[in-house]
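Step one of this worksheet: look at the structure below.
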Amino acid sequence: MIILKSPQEIAIMREGNRILARLFEHLAPLIQPGITTAELDKEAELFIRSHNAAPAFKGYRGYPATLCTSVNEEVIHGIPSPRRLVSGDIISIDVGALHDGFYSDSARTFAVGGVSKKALHLMEVTEKALHEGIGRASAGNHLHDISAAIQKVVESAGFHVVREFVGHGIGRILHEDPQLPNYGKKGTGPLLQEGMTLAIEPMVNEGTWKVSILGDGWTAVTADGSLSAHFEHSVAITANGPLILSAL
Ligand code: MF3
Ligand code: CO
């Protein structure tokens with residue numbers, strides 16, 4: 001069941017998501033060669049707690065950290081660790097918070113030092129796919145219009161959309177209905193309505209859409225070891241079209 005939110009509830013969700021947007025601004029200058037993903041995680045947890053919110057992922061189905069930090073061929077759910085970032089890495093940081101009864105969820109991929117042209121291109125295409133998808137998040141469209149828009153951007157660049165993980169509704173629960181695949185057919189899926197709130201999150205791989213899960217039970221990696229990028233915004237469908245909650 002898709003739960004619609006009132007304008008008041010959307011305002012609360014916007015506040016919570018803005019904490020994440022500010023967190024990314026806070027983390028960006030720290031994402032340099034030499035820092036560990038555990039240090040980024042600690043910084044993020046302190047930041048969220050000092051902004052009247054709680055980490056959403058920590059404890060979720062036993063997940064141990066505030067951030068998901070997925071480096072290079074890691075797609076999502078990389079667990080923060082003593083691993084030090086090196087120049088040339090790309091790191092996807094996914095984070096959620098609980099603020100005033102509502103969840104927020106957002107992700108971005110960052111370059112560490114100087115990265116390859118192909119890595120930059122992958123990141124650009126993934127972010128562009130997210131924004132093309134968001135552009136379809138208007139009342140009267142169908143859910144899979146978002147999916148199809150994302151898939152088109154990704155595949156016309158020669159990259160691949162991960163199929164095993166999807167975006168989702170978000171609200172008083174982190175993962176609400178509907179599930180939102182990053183591939184699909186225009187004109188299909190539930191009709192979008194004012195008051196829906198969606199976490200739209202393309203995960204894009206360089207070489208194949210196939211992924212496998214590491215022995216830690218969490219980390220998804222590309223099956224062929226190629227690079228992966230991930231961008232995510234929480235978005236509300238309003239009378240004035242899509243409203244990105246997790247942007248400043
Ligand atoms: N952003 C991720 C998602 O929407 C949340 C990670 S879940 C956790 O699925 F278990 F890793 F916390
Ligand atoms: Co999400």
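Laboratory data are not the source of any read-out in this text; all were calculated from the coordinates shown. Note that the structure is predicted; figures quoted are calculated from it, not measured. With ideal geometry, Cβ positions are generated from the backbone for all residues, glycine too; neighbour counts draw on all protein chains shown.
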Among residues of the stretch 204-243 being among the hydrophobic types (A, V, I, L, M, F, W, C) and closer than 20 Å to residue 110 by Cα, the residue nearest to the chain's Cα centre (by Cα) is 231
Residue 26 versus (1) closer than 28 Å to residue 146 by Cα; (2) in contact with a helix residue (DSSP H, G or I) (Cβ under 6 Å, 6 or more places away or on another chain); (3) without any contact (Cβ under 8 Å) to a residue 24 or more places away in the chain: which is the lone unmet condition? (1)
Going through the stretch 31-65 one residue at a time, which ones are more than 19 Å from the chain's Cα centre (by Cα), under 18 Å from residue 15 (Cα atoms) and surrounded by 13 or more Cβ atoms within 10 Å (Cβ to Cβ)? 49, 51
Hits in the stretch 208-248 - residues which are within 12 Å of residue 76 (Cβ to Cβ) and not β-branched (Val, Ile, Thr): 214, 218, 220, 228, 229, 230, 231, 232
Restricting attention to the stretch 88-100, does a residue exist that is farther than 26 Å from residue 63 by Cβ and more than 16 Å from ligand 2 (Cβ to nearest atom)? yes
Which one of 147, 87 is closer than 23 Å to residue 223 by Cβ, touching a residue at least 40 places away in the same chain (Cβ under 8 Å), out of contact with any Ser or Thr (no Cβ under 7 Å at 6 or more places or on another chain) and polar (S, T, N, Q)? 147
Residue satisfying all of: in the stretch 174-189; over 19 Å from the mean Cα position of the chain (by Cα) and surrounded by 13 or more Cβ atoms within 10 Å (Cβ to Cβ); farthest from ligand 2 (Cβ to nearest atom) among these: 186
Select the strands (runs of 3 or more DSSP E) contained entirely in the stretch 133-210, then report the ones holding at least 1 residues which are more than 18 Å from residue 230 (Cβ to Cβ). 167-169, 176-180, 197-200
With the requirement that a residue be touching a residue at least 60 places away in the same chain (Cβ under 8 Å), part of a loop (DSSP other than H, G, I, E, B) and not hydrophobic (A, V, I, L, M, F, W, C), what does the stretch 107-132 give you? 113
Condition (residue is of a type in the set (A, V, I, L, M, F, W, C) and away from ligand 1 (no atom under 16 Å from the Cβ)) applied to the stretch 163-181: is it met by at least one residue? no
Give the residue, chosen from 241, 171, that is over 15 Å from residue 147 (Cα atoms), more than 15 Å from ligand 2 (Cβ to nearest atom) and touching a residue at least 60 places away in the same chain (Cβ under 8 Å). 241
